[in-house]
Amino acid sequence: MIDSIRNKTIISLIAIFSSFWTSSAIAQSSKALETIFAIEALDLATANLTKAKKAKKRIKSLSQAIQSYEETLAILRISVRDLTLQQSQVQSVLDQNENEIMQLLGVLATVQKAPIAGQMLHPNGPLATARSGMIISDIVPILQENVDQLRDQVMVLQQLSETQHKAKGSLQKGLLELQNAHSNLGRAIVNREELPKRFIADPEKMEILVKASKDLETFAASVQSIALNEPSVSLPSVRDRKGNLNLPVRGKVLRKFNEADAAGIKRSGIILATDPRAIVISPTAATIRYLGPLLDYGNVAILEPQNGLLFVFAGMDTLYGEIGQVIPALSPIGLMPSQSNEIDKIFKTKANIYSGKLSETLYVEVRSGSETENPLDWFK
């Protein structure tokens with residue numbers, strides 16, 4: 001026999017589980033599917049990296065493949081993070097409702113095992129007995145449905161766990177693959193044919209200029225003065241491509257043009273948040289005006305895609321190329337720093353692998369003559 005207290009208990013249990021199961025299974029199935037797609041995309045990106053190693057234009061192909069690989073890796077990292085969070089939330093709900101789950105299973109077992117006659121008899125007479133029978137006939141299927149959904153959730157959690165394990169393995173393998181790709185790129189640059197040089201830098205003048213410059217503006221305005229035997233010819237204009245150039249690195253805009261930082265300091269450029277060891281690529285063909293450390297900007301690359309126009313990229317760790325070289329579009333300029341000097345730690349620290357956070361910053365400035373322009377007007 002089911003009394004009023006038990007009826008209320010059953011109804012409250014049904015309410016708890018119905019509200020939870022409805023959205024949970026769909027959300028988890030979606031996250032798992034997204035992660036599976038991300039794993040497959042990374043497999044394809046890995047194949048493209050392998051092809052790039054053997055491509056005729058090896059450096060350009062590797063640079064593009066690495067940047068594409070970084071994008072795919074970032075998607076997988078976010079998928080793993082979201083999947084882990086979703087799994088943790090569901091497990092937490094199950095843990096918090098452990099007593100209710102046990103009650104649900106116990107009540108259903110009791111109802112299903114009780115003799116029909118015992119269920120139908122009620123001390124308040126035939127009418128109460130009839131009502132009791134109606135309640136039982138209505139509630140038992142609902143209880144069974146909730147138990148079935150509980151079983152499904154346990155199975156989904158198991159599938160999520162398996163997907164998560166596979167995704168983490170793919171992610172760790174992918175990060176090591178990216179590390180190897182960086183090494184291959186470095187070797188390819190060392191062994192490549194000599195790029196044409198537009199000028200030779202005067203090392204003494206360069207050293208004096210670097211030490212004397214109090215800010216980036218002063219340095220950029222004077223950097224052309226250190227060139228020796230420079231011809232008057234220029235690279236083709238890129239003004240017609242303004243607004244359609246790709247950003248030099250995969251990342252997100254952290255601070256906009258002339259936007260004040262926490263200290264109230266405004267800079268005439270933008271700041272991009274990037275992954276550790278992200279590759280920085282020249283958006284156009286350009287002359288390398290400067291490569292090296294400068295003030296508090298870290299390692300800086302100043303590129304001149306045409307006379308009077310400078311692209312300034314600051315904050316890198318590794319640099320590629322030489323001052324005076326004319327580099328093709330999509331050439332690698334450098335790699336972003338890491339949070340550790342030991343590169344292996346970057347790829348083996350869970351916080352970096354799974355957080356999805358962009359922990360490094362690249363400063364981007366566009367200078368036209370003596371004026372600065374908003375880089376977001378140039379890059380899409």
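The values are calculated or read from the model by the stated rules, or taken from the named source; none is laboratory data. Note that the structure is predicted; figures quoted are calculated from it, not measured. Note that we place each Cβ from the backbone using ideal geometry, even for glycine, and neighbour counts take in every protein chain shown.
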Notebook entry, point to check: Before we move on, is Leu335 modelled with pLDDT of 90 or more, in contact with a His (Cβ under 9 Å, 6 or more places away or on another chain) and under 21 Å from Ile59 (Cβ atoms)?
Noted result: yes
Checklist line | Residue that is surrounded by the most Cβ atoms within 10 Å (Cβ to Cβ) [pool: residues in the range 263-273 that are in contact (Cβ under 8 Å) with a residue 12 or more places away in the chain and assigned to a loop (DSSP other than H, G, I, E, B)] | finding: Gly269
Checklist line | Scan of the range 184-201 for residues that are assigned to a loop (DSSP other than H, G, I, E, B) and within 22 Å of Gly369 (Cα to Cα), ordered by number | finding: Arg198, Phe199
Next item on the list: Provide a single number: the residues in the range 220-262 that are among the aliphatic types (A, V, I, L, M), touching a strand residue (DSSP E or B) at 6+ places or on another chain (Cβ under 7 Å), modelled with pLDDT of 85 or more and assigned to a loop (DSSP other than H, G, I, E, B).
Entry: 3
Next item on the list: Hey, can you tell me all the residues within the range 50-65 that are assigned to a helix (DSSP H, G or I) and farther than 13 Å from Pro248 by Cα?
Entry: Thr50, Lys51, Ala52, Lys53, Arg58, Ile59, Lys60, Ser61, Leu62, Ala65
Margin query: Considering only residues that are among the aliphatic types (A, V, I, L, M), under 21 Å from Thr284 (Cβ atoms) and either surrounded by fewer than 14 Cβ atoms within 10 Å (Cβ to Cβ) or assigned by TED's automatic domain parsing to the domain that holds Leu73 (or both), which ones fall in the range 202-253?
Written below: Val233
Next item on the list: Please find, within the range 341-380, the residue that is farthest from the chain's Cα centre (by Cα) out of those that are of a type in the set (S, T, N, Q) and at pLDDT 50 or above.
Entry: Ser370
Item checked: Residue that is surrounded by the fewest Cβ atoms within 10 Å (Cβ to Cβ) [pool: residues in the range 290-306 that are in contact with a helix residue (DSSP H, G or I) (Cβ under 7 Å, 6 or more places away or on another chain) and either of a type in the set (Lys, Arg) or within 23 Å of Lys242 (Cβ to Cβ) (or both)] -> Tyr290
Notebook entry, point to check: Does Gly174 meet the test of being surrounded by 14 or more Cβ atoms within 10 Å (Cβ to Cβ) and either modelled with pLDDT under 80 or touching a strand residue (DSSP E or B) at 6+ places or on another chain (Cβ under 8 Å) (or both)?
Noted result: no
Check: Applying the selection to the range 369-380, what residues are closer than 25 Å to Ser225 by Cβ, surrounded by 13 or more Cβ atoms within 10 Å (Cβ to Cβ) and among the polar types (S, T, N, Q)?
Finding: Thr372
Next item on the list: Scan (1) within 27 Å of the chain's Cα centre (by Cα); (2) buried (at least 18 other Cβ atoms within 10 Å of the Cβ); (3) free of Cβ contacts under 8 Å to residues at least 60 places away in the same chain for the single condition Ala260 breaks and write down its number.
Entry: (2)
Notebook entry, point to check: Looking at (1) at positive phi; (2) within 28 Å of the chain's Cα centre (by Cα), which is the one condition that is false for Asn229?
Noted result: (2)
